[in-house]
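The values are calculated or read from the model by the stated rules, or taken from the named source; none is laboratory data. Since the model is a prediction, treat every value here as computed from it, not as a measurement. Methodologically, a virtual Cβ is constructed for each residue, glycine included, from the backbone with ideal geometry; neighbour enumeration extends over all protein chains shown. Ligands, DNA and RNA are excluded from the accessible area calculation, which covers all protein heavy atoms including side chains. Shrake-Rupley method; radii C 1.70, N 1.55, O 1.52, S 1.80 Å.
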Amino acid sequence: MAYLYFCKVNINDEIYAVYKKKKKVADIVDHLIVNVNHDACIDIPEKKETIKFITLTSDIEKRFISGRLVKIFTDDLQIYNELTDDVEALPREKLARICTFYFDAKTEIVAFTLGKYFGAKQFCSYFEQLINLCTEEGMFNVNLIQDKDVFREKLKRISKAQEIEIDLVAENSCEEAINRVYANPKSLEEMEANSLKLNYKAGKKGNGLNLENSYLQKFIDALGLGYIKFIKVIGKNVAGLTESITSDEKAPKRYAIPDREKLSVPAVHEHGRSFIPNIARLISGNEK
């Protein structure tokens, strides 16, 4: 069984130009559709890895990009030799691992699959870097869409919360949405900051932080909007051991698809077209 994961492409450096109606989100995203290319690449010399886009298809009229994100690497493999009953080195260059994706520019949501040695957070990081290389440094940030219900279920393991971290970015939408979802929204707007990090710690005495308060619940509800990078809760579990639960690691939003289709660009394109409207409705429903 394979899974389709989702992330949100957000405007980064130009977000306040959008708020002030000097620029439109659609125009900025369309600029990406026109300029996305195979030439942009991320080189990681210490790991002898290169990450880039391949098999790209983009359509400005239908407003989508589909293709694969590939990691090209060198490794020394070993194979078993029955004659010698031993292993032999099998050096290989330009090995590859791929993720397949479909980006719906109308909703700014990407549906993607994972390959071996590719995590969902890794995909978001690489995708963000590559689309910024195709457009302009700092143009976009990309956040994993997470499942609030799964995260709440995971939090039941924590019996005494000692620390909470929240990392979020400015929304693509509007000031009204910021006021509903974000802590101290005016400070974010007046500083013209495009990200905000919050950290809460409990004292050594007492019952720890209250995980049921409405303030935190508002952030957990926003995990599915694509503007919360992560929520991390550190505390004692029922066994009295320190445990850390981070939303983008433990609770990504995902839907099952046939395993044989996870590497197929047309199949992921069609699955993305089917599932993304559900994700978009959840986002728009939370913004009302």
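Assorted remarks:
- Where a residue in the range 1-27 is within 18 Å of Thr107 (Cα to Cα) and its partner, wherever it lies, is acidic (Asp, Glu), with Cβ under 7 Å and at least six apart: Lys8/Glu108; Val9/Glu108; Tyr19/Glu175; Lys23/Glu14
- Counting only residues that are surrounded by 18 or more Cβ atoms within 10 Å (Cβ to Cβ) and either basic (Lys, Arg) or in contact with a strand residue (DSSP E or B) (Cβ under 8 Å, 6 or more places away or on another chain) (or both), the range 3-19 holds 10 of them.
- Filtering the range 70-102 to residues that are in contact with a Ser or Thr (Cβ under 8 Å, 6 or more places away or on another chain) and modelled with pLDDT of 70 or more leaves Lys71, Ile72, Phe73, Cys99, Thr100, Phe101, Tyr102.
- Count of the range 218-254 residues which are surrounded by fewer than 19 Cβ atoms within 10 Å (Cβ to Cβ), in contact with a helix residue (DSSP H, G or I) (Cβ under 9 Å, 6 or more places away or on another chain) and closer than 11 Å to Ala161 by Cα: 1
- If you go through the range 136-172 and keep only what is among the hydrophobic types (A, V, I, L, M, F, W, C) and either under 12 Å from the mean Cα position of the chain (by Cα) or in a strand (DSSP E or B) (or both), you end up with Phe140, Val142, Leu144, Ile145, Ile158, Ala161, Ile164, Ile166, Leu168, Val169.
- Verdict on Ile220 being among the β-branched types (Val, Ile, Thr), in contact with a Leu (Cβ under 9 Å, 6 or more places away or on another chain) and more than 21 Å from Leu114 (Cα to Cα): yes
- All of (1) modelled with pLDDT under 90; (2) on the phi > 0 side of the Ramachandran plot hold for Gly67 with one exception: (1).
- Any hit, the range 21-39, residues being farther than 23 Å from Ser195 by Cβ, open to solvent by 50 Å² or more (accessible area, probe 1.4 Å), out of contact with any strand residue (DSSP E or B) (no Cβ under 6 Å at 6 or more places or on another chain) and assigned to a loop (DSSP other than H, G, I, E, B): yes
- Candidates Leu211, Leu198 - the one that is in contact (Cβ under 8 Å) with a residue 24 or more places away in the chain and part of a loop (DSSP other than H, G, I, E, B): Leu211
- Residues (part of a helix (DSSP H, G or I) and either of a type in the set (A, V, I, L, M) or farther than 15 Å from Lys197 by Cα (or both)) located in the range 218-246: Lys218, Ile220, Asp221, Ala222, Leu223, Gly224, Leu225
- When the range 136-189 is limited to residues that are of a type in the set (D, E, K, R) and modelled with pLDDT under 70, the one that is surrounded by the most Cβ atoms within 10 Å (Cβ to Cβ) turns out to be Glu189.
- Taking the range 50-67 as the range and being open to solvent by 30 Å² or more (accessible area, probe 1.4 Å) and of a type in the set (Ser, Thr, Tyr) as the test, the residues that pass are Thr50, Thr55, Thr57, Ser58.
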